[in-house]
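Where a number appears in this text, it was derived from the coordinates with a stated rule and is not lab data. Note that the structure is a prediction, hence the values are computed from the model and not measured. All Cβ positions, even for glycine, are placed from backbone atoms using ideal geometry, and neighbour counts span all protein chains on display.
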Amino acid sequence: MTTLDLHASVDDLTRQLIDIPSVSGGEAAIADAVEKALSECPHLTLTRDGDAIVARTMLGLSERVIIAGHLDTVPIKENVPSFPTLDGTGIMGRGAVDMKGGVAVMLSLAAELIAPSRDITWVFYDHEEVEESKNGLGRLARRHPELLSGDFAVLCEPTQAQIEGGCNGTLRMNIVLPGKAAHSARSWKGVNAIHAAAPVLAALAAYEARTVEVDGLEYREGLNAVGVSGGIAGNVIPDECVISVNYRFAPSLTTDEALQHVRDVVAASGVGEFSTEVTDRADACRPGLDVPLAQSFVDAVASTGAPEPRAKLGWTDVARFGALGIPAVNYGPGDPELAHSDLEWCAIDEIHQCRAGLATWLTT
C-alpha cells in the first residue's frame, strides 16, 4: 500500500497523490492510502463507504463546516507520474488541477488542525468524473446523510484560488418533431420532420442568453442545440427529427422552471407540434454567501490576496450541498480550463494560497 506523508509540504503531497493512479472506478488504492494516513490522526473519527472517506473532528463546537473533494480523475494519458513544469512553478500530471491539488490541501490541514475554531467534516469521495448515479458524494447523501450535516460547505474544485459561489444548473432535453414517412420520389405524400426543425434551430441561433445577478454574483446562461438526428434512409422522407438541447441556467431558476423556459422558447418558434424528453437534469445552487460563516470565509480568503468572489458558471457538486440546505462555495487551486487536458498542471503558489486561506478561516 502506498503511504502518504501528510506532514510533507502541500506541493509534495500533491505529487504523491498524482502518482497514485485513480481513474474513476479505480479509486481503491488512493482511498486506501487516504484512509491509512488519516487513521494515524487521533483527533479524527473516520467512516468509509466504498471508496469514500469521511473524517470528522468531534469537539462539540457550535458550528460545523464541510470541506469536500473527489479522489478520482479522468483517464491517464502518459501524464502519471507527476513532473514539474519547465520553469518549476507548477506540477504537471493527471489530476493536478482536477483535483489532487485541492485534495492535498485538505489532507494537509486535516492532519494539522487538531483544535480548529469550528468542527470540520473532511469528505474525500469517489466517482465524480462519471455518471451521476455513481457519484460518491451522492451515495453518501443517500446512505449516511448524518455525515453530511453542517452549516456551510467548501468544495475544493479548481478555481485559481478564488471563491466561486454556487453553480449554474444544467439540463438536456430532446425536442421531438413528428413527420410522415414517404418515398422521396413522391415527397409530397409525406411530411419532412427534418425540415420542420428549421424554425426551432433558427430560434436557438437567435436566442440571447441572459446574464442573471443572484445574491450579488453574475451567472451567464446558455441555451444551445447540441445534437440533431433524423432520417432512416436516403430515399425516405424522415418521419421524425430529434434536436438535443442543453440549457445552462442561473440559480434564480428551479430546474422545473428551466425546463418550462426551454419548452416556451420552442413553442414560440412557431414549429407546431412537438414533444419533449428530458435526458439529464441537475439543479443549480445559489451562491451561499449571505450567511455569517460565508462572510468569515470570504474575509479569510481575501487575506491571501484573492480577488472578490465570482459566480461558478459550470455545474459542480456544490449543488448536492444546496439540495441538503447547506450553503456551499467552490474554492481550490488550479485553472479549470486546464482540467482534463493532456498538459494538466497546477501552479504551486495557488496550492499554498488555498491552504493559507482555509487555515486562516478554520483557526480564527
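How about the range 292-364: which trypsin sites (Lys or Arg not before Pro) there lie in a loop by DSSP and see at most 12 other Cβ atoms within 10 Å?
Nothing satisfies the criteria.
Which order do VAL74, VAL266, VAL278 fall in if you start with the one that has the fewest other Cβ atoms within 10 Å?
Fewest-to-most Cβ neighbours within 10 Å comes out as VAL278, VAL74, VAL266.
To the nearest 20 debye, what is the magnitude of the charge dipole of the range 61-149 about its Cα centre, counting +1 on the Cβ of each Lys and Arg and -1 on the Cβ of each Asp and Glu? Please report the intermediate quantities before stating the final value.
Numbers: 9 positive and 13 negative charges, 37 e Å.
So the magnitude is around 180 debye.
Per DSSP helix of 4 or more residues, -39500 (n - 2.57); summed, then divided by the residues of the chain. What does that give at 222 nm, rounded to the nearest 500?
Working: 10 runs with 101 residues, N = 364.
Counting only the DSSP helices, I get -8000 deg cm²/dmol.
Rank these for me by crowding, SER184, SER82, going from fewest to most other beta carbons within 10 Å.
SER184, SER82
From the P(r) of the range 169-282, can you give the percent of Cα pairs sitting at distances over 22 Å?
Roughly 38 percent, once rounded to a whole number.
Looking at the range 93-198, which GluC sites (Glu not before Pro) are in a loop (DSSP not H, G, I, E or B) and have at most 11 other Cβ atoms within 10 Å?
The qualifying sites are GLU131.
Using unit Cβ charges (K, R positive; D, E negative) and no other charged atoms, how large, in debye to the nearest 20, is the dipole of the range 169-282 about its Cα centre?
580
Hey, what did the chain get for relative contact order, percent, Cα under 8 Å, at least 6 apart? Kindly include the intermediate steps, with their values, before the conclusion.
Working: 870 pairs, mean separation 84.1, N = 364.
Across the chain, relative contact order equals 23 percent.
Please report LEU4, LEU13 as a ranked list, fewest other C-beta atoms within 10 angstrom at the top and most at the bottom.
Least to most surrounded, the residues fall as LEU4, LEU13.
Please report the net charge: other residues with Cβ closer than 9 Å to the Cβ of ARG172, K and R +1, D and E -1.
Numbers: positive: ARG281; negative: ASP280.
Here the charged neighbours net out to 0.
Using only Cα atoms, tell me the angle between helix 255-268 and the longest principal axis of the chain; keep it within 0 to 90° and round to the nearest 10.
That works out to roughly 30 degrees.
Any idea what the dipole of the chain comes to, in debye rounded to 20, about its Cα centre with Lys/Arg Cβ at +1 and Asp/Glu Cβ at -1?
The calculated dipole for the chain is roughly 980 debye.
Quote the relative contact order of the range 169-282 in percent (integer), defining contacts as alpha-carbon pairs under 8 Å separated by 6+ residues.
About 43 percent, as a whole number.
Using DSSP to define loop residues, name the GluC sites (Glu not before Pro) in the range 1-71 whose beta-carbon has at most 11 other beta-carbon atoms within 10 Å.
Numbers: sites: GLU27, GLU35, GLU40, GLU63; in loops: GLU27, GLU40, GLU63.
In loop regions of the range 1-71 (DSSP not H, G, I, E or B), the sparsely surrounded GluC sites (Glu not before Pro) are GLU40.
How many Lys pairs in the chain lie less than 21 angstrom apart by Cα atoms, where the lysines are 8 or more positions apart or on different chains?
Summing the qualifying lysine pairs gives 5.
Most mobile of ALA181, ALA115, ALA233 per a Gaussian network model of the chain (Cα springs, under 10 Å)?
Checking each option, the largest mean-square fluctuation is seen for ALA233.
Against the longest principal axis of the chain, how steep is helix 28-39, in degrees 0 to 90 to the nearest 10, with axes from Cα atoms?
Roughly 30 degrees, rounded to the nearest 10.
On a 0 to 90 degree scale, rounded to 10, what angle separates helix 292-302 from the longest Cα axis of the chain?
Its long axis makes an angle of about 80 degrees.
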